[in-house]
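I am attaching a structure below and will ask some questions about it afterwards.
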Amino acid sequence: MDDASSVAVAVAVISIAKLMIGWLMYGHKHRKYQHVGTVSSLRCYPVKSCQAVHTQQARATVLGLNLDGVTDRHWLITKYNGDFISQRQCPEMALISVSILGNDIQLDAPGMTSLTLPKNPPLNKSKVGRVRVWETRIEALHCGQEASDWVSKFLGIEGLQMGFFAPGLKVRDTSNEPKPWGFVALPGDLSAYSDFGAYLVTNEASLEDLNERLEKKVTMTNFRPNIVIKGCKAFDEDNWLEIRIGDKVYFRVQDPCTRCSLTTVDPEKGVKDPKMEPLATLKKFRGYPPYEVEGPCFGVNAAIDYPGNIQVGDPVYVLRK
Ligand SMILES: *[C@@H]1O[C@H](CO)[C@@H](O)[C@H](O)[C@H]1NC(C)=O
């Protein structure tokens, strides 16, 4: 071997060694899941902005938490023009409960007889329209006149409608929906009518931290999570990149969830807090610089990479940033 080739070989060997060391160090430092706690509660919201169905176990699918064939945020209530409504403008929506009964879902509200809707209404193309959730237009199957009359009567607004994200409708891929801080979803991160991510994950210790600063305590219901975790320290979720529940189900954290006036709705009374708590207090210590205008953060939006069954009590592991 001449000098030039020995140098080349040496350089190659050193480069490979560096790569391997780097890779091992990286793996050691970053690619390690740490056990942080357990799942303490699972909640599915079949109808956007109405009450949750609490469950001990559910199937975590790409489109959201699925319970007995009913998936998170697959129904929504809209104005006559298809624009979605929520507890932001109709806090009384907090009083609409949803139950899953056999092949139906049932909506109940104070002073109303129950409204029963089929879980899987047949997809009739002539009843498909478009609804709008923020800036995104999404297809919806019209749920019929009885549902329209029921929600209009309870909420006291004429011409409301209900839509269902029926299988077979055009999928909504959130990877093309930018946030003020950029694109945070990957192609294949689907959603029906959630604001953004298919999952909202919160941490019990973060709620305790917030409650220590409040005169009137709030509950996790104010924050509408799908998955609640206990056992980790307050706001640990800010540092998470990935979340694994049990051995097989993997979530990818998309971004912090920026909160709005919906968190101020008293879940039992269906009215906003006159002092705008807990939002006002959250704003004091949970801003999202440089996007403070977007509201303070509580919980994280997440997408699923490996779907599967999860249950309350499952161990939770995270990969940190
Ligand atoms: C679909 O909806 C239209 C309009 O309401 C109705 O006339 C038609 O019978 C429906 N088709 C089926 C197969 O149910």
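Each reported figure results from applying straightforward, stated rules to the coordinates on display, with no laboratory input. If you're wondering where the values come from, they're calculated on a predicted model, not measured in any experiment. Positions of Cβ are backbone-derived with ideal geometry, glycine not excepted, and every protein chain shown enters the neighbour counts.
Below 8 Å, C-alpha to C-alpha, sequence gap of six or more: please give me the relative contact order for the chain in percent.
Relative contact order here is 23 percent.
Name the residue farthest towards the positive end of the dipole of the chain from the options Thr263, Gly295, Pro91, assuming +1 on Cβ of Lys and Arg, -1 on Cβ of Asp and Glu, about the Cα centre.
Ranked along the dipole, the leading option is Gly295.
When only DSSP loop residues count, what trypsin sites (Lys or Arg not before Pro) in segment 136-205 have their Cβ near at most 14 other Cβ atoms within 10 Å?
Hits after loop and neighbour filter: Lys170.
Under the definition of Cα pairs under 8 Å and six or more residues apart, what whole-number percent is the relative contact order of segment 55-108?
Relative contact order for segment 55-108 comes out at 17 percent.
Pull up the DSSP beta bridges for the chain and report the antiparallel fraction as a percent, rounded to 5.
In the chain, approximately 95 percent of DSSP beta bridges are antiparallel ones.
Just to be sure I understand: with springs between alpha-carbon atoms less than 10 Å apart, which residue in Pro178, Pro278, Pro296 has the highest mean-square fluctuation in the Gaussian network model of the chain?
Sorting by GNM fluctuation, first place goes to Pro178.
Only sites in a loop by DSSP and with at most 12 other Cβ atoms within 10 Å count here; which GluC sites (Glu not before Pro) in segment 213-261 make the cut?
Filter output for segment 213-261: Glu215.
Could you rank the peptides 117-123, 65-71 by their average count of other C-beta atoms within 10 Å per residue, with the highest value first?
Highest-to-lowest ranking by the protection proxy: 65-71, 117-123.
Taking 0.36 nm per residue of separation and subtracting the Cα-Cα distance, what length does fully extending Asp305 through Thr61 add?
86.9 nm
Further question on the same structure: Which FRET efficiency value, to the nearest 0.05, do you get for Glu268 and Asp238 by plugging their Cβ-Cβ distance into 1/(1 + (r/R0)^6) with R0 = 30 Å?
0.50
Gaussian network model of the chain, Cα springs within a sub-10 Å range: biggest mean-square fluctuation belongs to which of Gly197, Gly102, Gly308?
In this elastic network of the chain, the residue with the biggest mean-square fluctuation among Gly197, Gly102, Gly308 is Gly102.
Assuming 0.36 nm per residue, please report the length gained on full extension of the stretch Val312 to Gln89 beyond their Cα-Cα distance.
My answer for the length gained is 77.0 nm.
If you don't mind, another one. Could you give the semi-axes, largest first, of the ellipsoid that matches the chain, computed as the square roots of 5 times the alpha carbon gyration tensor eigenvalues and rounded to whole Å?
The answer is 41, 24, 18 Å, longest axis first.
Next question, about the same structure. Round to a whole angstrom and tell me the spacing of the C-alpha centers of segment 75-124 and segment 147-170.
Here the two parts' Cα centres lie 7 Å apart.
Ranked highest first by average number of other Cβ atoms within 10 Å, how do 156-163, 109-116, 220-227 line up?
By packing density, highest mean first, the sequence is 220-227, 156-163, 109-116.
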